[in-house]
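Novice: Before we start, here is the structure in question, set down as structure tokens.
The values are calculated or read from the model by the stated rules, or taken from the named source; none is laboratory data. Source: prediction; values computed, not measured. Positions of Cβ are generated from backbone atoms using ideal geometry, with glycine treated the same way; all protein chains shown enter the neighbour counts. Calculation scope for accessible area: heavy atoms of the full protein, side chains included, ligands and nucleic acids excluded. Shrake-Rupley method; radii C 1.70, N 1.55, O 1.52, S 1.80 Å.
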Amino acid sequence: MGVLVDVVLILVYIIYTAKAGEVQHLKWEVEYKRWSPDGKESVVIAINGEFPGPTIRARAGDTINVELINKLPTEGVVIHWHGITQRGTPWADGTASISQCPINPGESFVYRFNVDKAGTFFYHGHYGMQRSSGLYGMLIVDVADGETEKFKYDGEFDLLLSDWWHRASRDQEVDLSSKPMQWIGEPQSLLINGRGQFNCSLAASFSKSAVPCDLKGGEQYAPYILHALTRKTYRLRIASSTALASLNFAIGNHKLTVVEADGNYVEPFTVDNIDIYSGESYSVLFTTDQYYHRNYWISVSVRGREPQTPQGLTILNYHTESASRLPVSPPPVPPRWDDDHYSKAFSNKILAAARSPMPPPAHDRRIVLLNTQNTMDGFTKWSINNISLALPSTPYLGAIKYNLADAYDQTSPPDHYTPADYDIRVRPPNPNTTSGNGIYVLSFGSTVDVILQNANTNTFNVSEIHPWHLHGHDFWVLGYGEGKFTDKDEAGFNLKNPPLRNTAVIFPYGWTALRFVADNPGAWAFHCHIEPHLHLGMGVVFAEGVHRLGAIPNEALACGLTAKYLMNK
């Protein structure tokens, strides 16, 4: 098996080399900057003075070379390239304490990696809760030269969705880590390409209580308008970098045909709106076939949490109409925030396009991960199988590569939760948990099933939505289910056309089944993409084939025990 895998890796490398594209050289300075994302001045983390960060546009086969300079005065920084598998470059994954050391203030680090397939991706900070401070941007990969897309369109728009707080992310971290925890609250606004409106509404004319927005001097928060020609079909790439909010996206009077999810083609299907969770990305097609002397609302609305944040709005402008003229109809009405059946119906429509890679027919290992909210010495934590992840000071990648056993707990977390009769629908009789930094070591080339099992929180009759993101891999979503997963549920797995994703949601009191092949040497985070939940320990780490890697750049590992090891080599 090992020889076969090595041959496959060599062939993959040859294919990548044969298709090698251009090298993009970028130099980024990360720094704090005063900004008004929603009309109220706050502090954002900007890249080269831009918020959101600059969009990277590449072709499949290209190499991205980013020299990142940390100009934050007092804290480290890393950038995760969300959805990029980093084959052969796991140290460029951008996960502090997992794939690399944080880049210290005043220091630089070069991210160099290949974008091996076309799709809609994005990047974001992965140190502390810096994503909440706006450290994110789009990463679009077009098909390689000489190749064509599977669908036709006349033009393209890119939208990055996010949520926004006026309280700085560092303050939010302190609140969440306090005893008792002080919840950060719901976001003040929803942003579309970094722009939103606070304490006012673009659609105030349709509400008796809303205040109209005064956009004079509002270059930073005026709506990002999509200017379109009539009778054309457009590709709209949408990614969600929200820190907390699950969203519903719609364009008034326009149907949306979903064609891509997380960089993978899906069987096209048409809907009125889409649910999009933190970490997910989609491409949808829409046609400007409505009345041509009107404009139309584009809306994002909160899902999965009782909305305390107004809709985010912007405008689809038909070129025959003035862009300053507001739509004559009210904004789209989203599904009720707690209508999980609506969300599940949408998720179940997402199926792999014809001739997509199919999953292996069986798993070699099954890991069941129970998601629970717990307490530890009076602090609120999120735990997986009753262990709250506490990352070590030494990155796992270096610790494994150099056999530094003291760098982290060598005991693997459990593959299943105990007790087996745990009641997912009630508050745990013993809410206590422990912290740990052990990891799951996967046999290289093995097929792994992960069952994400949701449960009740510490609040009576509450179970939250959790979008889970896997680094270094795409996985097949084999199915969703209600209640507690049992082995009998495996009979209902979709092995015919399951979608390939890198992010998948578990619904309240439900389970989600995933399958992936552990064929990418590295140490990889797998975690809830809700920023406060990850901050409070909701994640695990998978490692596979690390000793198959060649040299790892020293600058990625110049901290903790690896720094001492490298000095003494």
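Novice: How many residues does the range 33-46 hold that are buried (at least 17 other Cβ atoms within 10 Å of the Cβ) and over 19 Å from S240 (Cβ atoms)?
Specialist: So the answer is 5.
Novice: Select from the range 513-523 the residues that are open to solvent by 30 Å² or more (accessible area, probe 1.4 Å) and of a type in the set (D, E, K, R) and list them in ascending order.
Specialist: The one that is open to solvent by 30 Å² or more (accessible area, probe 1.4 Å) and of a type in the set (D, E, K, R): D519.
Novice: Being surrounded by 21 or more Cβ atoms within 10 Å (Cβ to Cβ), farther than 20 Å from H469 by Cα and hydrophobic (A, V, I, L, M, F, W, C) is the requirement here; does A399 meet it?
Specialist: Spelling it out, A399 is indeed surrounded by 21 or more Cβ atoms within 10 Å (Cβ to Cβ), farther than 20 Å from H469 by Cα and hydrophobic (A, V, I, L, M, F, W, C).
Novice: Could I ask something else about it? Is the range 303-314 home to any residue that is under 26 Å from the mean Cα position of the chain (by Cα), modelled with pLDDT of 95 or more, within 19 Å of Y153 (Cβ to Cβ) and part of a strand (DSSP E or B)?
Specialist: no
Novice: Open to solvent by less than 70 Å² (accessible area, probe 1.4 Å), under 30 Å from P521 (Cβ atoms), among the hydroxyl-bearing types (S, T, Y) and not in a loop (DSSP other than H, G, I, E, B): which single residue out of S412, S383 fits that description?
Specialist: After ruling out the rest, the residue left standing is S383.
Novice: Report yes if V328 is among the β-branched types (V, I, T), over 25 Å from Y509 (Cα atoms), in contact with a Ser or Thr (Cβ under 9 Å, 6 or more places away or on another chain) and assigned to a loop (DSSP other than H, G, I, E, B), otherwise no.
Specialist: So V328 does not fit the description; no.
Novice: Does Y291 meet the test of being at pLDDT 95 or above, of a type in the set (F, W, Y) and at negative phi?
Specialist: Taking the combined requirement at face value, the residue does not satisfy it.
Novice: Turning to a different aspect of this structure: With the requirement that a residue be touching a strand residue (DSSP E or B) at 6+ places or on another chain (Cβ under 9 Å) and without any contact (Cβ under 8 Å) to a residue 24 or more places away in the chain, what does the range 184-209 give you?
Specialist: Matches in the range 184-209: A204, S207.
Novice: Kindly establish whether R195 is within 29 Å of D289 (Cβ to Cβ) and loosely packed, with under 15 Cβ neighbours inside 10 Å.
Specialist: no
Novice: Sticking with this one: Report those strands (runs of 3 or more DSSP E) wholly inside the range 176-241 carrying at least 1 residues which are of a type in the set (V, I, T).
Specialist: Passing ranges, in order: 189-192, 233-240.
Novice: Check whether at least one residue in the range 272-282 is surrounded by fewer than 21 Cβ atoms within 10 Å (Cβ to Cβ) and assigned to a loop (DSSP other than H, G, I, E, B), and report yes or no.
Specialist: Within the range 272-282 (the criterion being surrounded by fewer than 21 Cβ atoms within 10 Å (Cβ to Cβ) and assigned to a loop (DSSP other than H, G, I, E, B)), the answer is yes, since at least one residue qualifies.
Novice: Six or more apart or on different chains, Cβ under 8 Å: which pairs go from a residue in the range 332-352 that's touching a residue at least 40 places away in the same chain (Cβ under 8 Å) to one that's part of a helix (DSSP H, G or I)? Could you list them?
Specialist: Cβ pairs passing all conditions: P335/Y342; P335/S343.
Let's see how each residue does on (1) among the basic types (K, R); (2) assigned to a loop (DSSP other than H, G, I, E, B); (3) under 15 Å from N371 (Cβ atoms):
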{"position": "G445", "(1), (2), (3)": "no, yes, no"}
{"position": "D449", "(1), (2), (3)": "no, no, no"}
{"position": "N456", "(1), (2), (3)": "no, yes, yes"}
{"position": "F460", "(1), (2), (3)": "no, yes, no"}
{"position": "W476", "(1), (2), (3)": "no, no, no"}
{"position": "Y480", "(1), (2), (3)": "no, no, yes"}
{"position": "L495", "(1), (2), (3)": "no, yes, no"}
{"position": "A504", "(1), (2), (3)": "no, no, yes"}
{"position": "R515", "(1), (2), (3)": "yes, no, no"}
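Novice: Something else now. How many residues does the range 532-562 hold that are open to solvent by 10 Å² or more (accessible area, probe 1.4 Å) and either assigned to a helix (DSSP H, G or I) or without any contact (Cβ under 8 Å) to a residue 24 or more places away in the chain (or both)?
Specialist: Of the residues in that region, 10 qualify.
Quick grid of which residues meet (1) open to solvent by less than 10 Å² (accessible area, probe 1.4 Å); (2) not basic (K, R):
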{"position": "K488", "(1), (2)": "no, no"}
{"position": "N494", "(1), (2)": "no, yes"}
{"position": "N502", "(1), (2)": "yes, yes"}
{"position": "A525", "(1), (2)": "yes, yes"}
{"position": "I530", "(1), (2)": "yes, yes"}
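Novice: Among the residues of the range 332-351, which ones are not in a helix (DSSP H, G or I) and not acidic (D, E)?
Specialist: P332, V333, P334, P335, R336, W337, K349, I350, L351
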